[in-house]
Amino acid sequence: MVRRVVTGAHYGLRDWLAQRITAVVMAVYSVIMVFVLLTGKPIAYGVWRDLFSQGWMRVATLLFAASLAWHAWVGVRNILMDYIKPDGLRLSLQVGTLLVLGAYLGWAIQILWR
Amino acid sequence: MSEAAARTIRKPRPKYLSLPALLFEIRLPLPGWVSILHRISGALLFFALVWLLWMLDLSLASEAGFERVQRYAALVPVKLALLVLAWAYCHHFCAGIRHLFLDLDKGTDLGPARLTSGLVLAASIALVATLGWALW
């Protein structure tokens, strides 16, 4: 009988798979971004603003940000599960991580659609 | 093997991982370095998110904000911090790709595991050097 802990993992593949899929999304975005930045015009304000005002760029960046948030959640939770032993403290830190990542995602959306 | 002989080669167990032991006694193999740096770089990037978002926000808000970020990023400590984060990103990227291959059971033997670990460490340094050179 496995002892189920509310601050433990989900005993399944979902997060493991999500971490990998989000990693691939971010990797593809990173390569495209590096290519765009290094092959385009020198980055002045106009170039920078126009880049992020394009629809595809906003959507791609939103997908990147969402992937980052999910990926970071899985990673940080793994670290907390490894090093933070008291259940109450671990749960608090995990909830804090989720809230912070949620806030960052909201902030990113605000930056993109201003 | 006789009882006496077995006793003489038996190492003291359990072995406790004191901080001095972790720092000076236990030497990580190359794949171990890639693994712990994968974790450290990930944590570093997580903590830096708020700073990076702040710079992205400012740089896209207005021309004055963009120029402020440019001047800010030109400061030596800021530049160094950004370089460290760029290394963290490159290392996390390369180690992640290696990890995906390990997930597929590719490169899990000792020889290839060591070789690809060296490649990951070298590639991330080379990548950050190239990016740093291109951006500054």
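Since every read-out is calculated from the coordinates, none of them should be taken as a lab result. Every value quoted in this text rests on a predicted model; they were computed, and no experiment measured them. Glycine gets a Cβ as well: all are built from the backbone with ideal geometry, and neighbour counts include every protein chain shown.
Key figures for this structure:
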read-out	value
Proxy reagent accessibility, fewest Cβ within 10 Å first, across B:Glu63, B:Glu25	B:Glu25, B:Glu63
Helical mean residue ellipticity (222 nm; -39500 (n - 2.57) per DSSP H run of 4+; nearest 500) of chain B	-27000 deg cm²/dmol
Dimensions in Å of chain B - Rg and Dmax from alpha carbons	21.7, 81
Loop sites in region B:1-103: chymotrypsin sites (Phe, Trp or Tyr not before Pro), DSSP, at most 13 other Cβ within 10 Å	B:Tyr16
About the Cα centre, charge dipole magnitude for region A:14-112 (Lys/Arg +1, Asp/Glu -1 at Cβ), debye	60 debye
Chain A: calculated mean residue ellipticity at 222 nm from DSSP helix runs of at least 4, using -39500 (n - 2.57)	-27500 deg cm²/dmol
Order of A:Leu80, B:Leu119 - criterion: other Cβ atoms within 10 Å of each residue's Cβ, fewest first	B:Leu119, A:Leu80
Shielding by partners, peptide B:49-56 (average Cβ within 10 angstrom, other chains)	4
The protein assembly as shown: radius of gyration and largest Cα-Cα distance (Dmax), Å	21.9, 81
Partner lysines for B:Lys106 [C-alpha distance under 22 Å; skip if fewer than 8 residues away on the same chain]	none
C-alpha long axis of helix B:110-135 to longest principal axis of chain B, angle in °	20 degrees
Axial C-alpha extent at least 30 Å, average Kyte-Doolittle at least 0.5 - helices from chain A (DSSP)	A:14-39, A:55-83, A:87-112
Cα centroid separation - region B:100-134 against region B:27-75, whole Å	21 Å
Two-site label geometry, B:Leu17 and A:Ser92: point separation in nm, points 7 Å out along Cα→Cβ	2.5 nm
Cα-based radius of gyration of chain A once divided by 2.2 N^0.38 Å, which approximates compact folds	1.34
Karplus-derived HN-Hα couplings along region B:29-44 (A = 6.51, B = -1.76, C = 1.60, θ = phi - 60°), whole Hz, x at Gly and Pro	x, 3, x, x, 4, 4, 5, 6, 5, 4, 5, 5, 5, x, 5, 4
Distance (nanometres) between label positions extended 7 Å along Cα→Cβ at A:Thr39 and B:Phe101	2.5 nm
Relative contact order (percent, whole number), chain B, Cα cutoff 8 Å, 6+ residue spacing	29 percent
Dipole moment magnitude, nearest 20 debye, chain B about Cα centre, only Lys, Arg, Asp, Glu C-beta charged	660 debye
Dimensionless Rg/Rh of region B:92-136 - Kirkwood Rh, Rg from C-alpha atoms	1.10
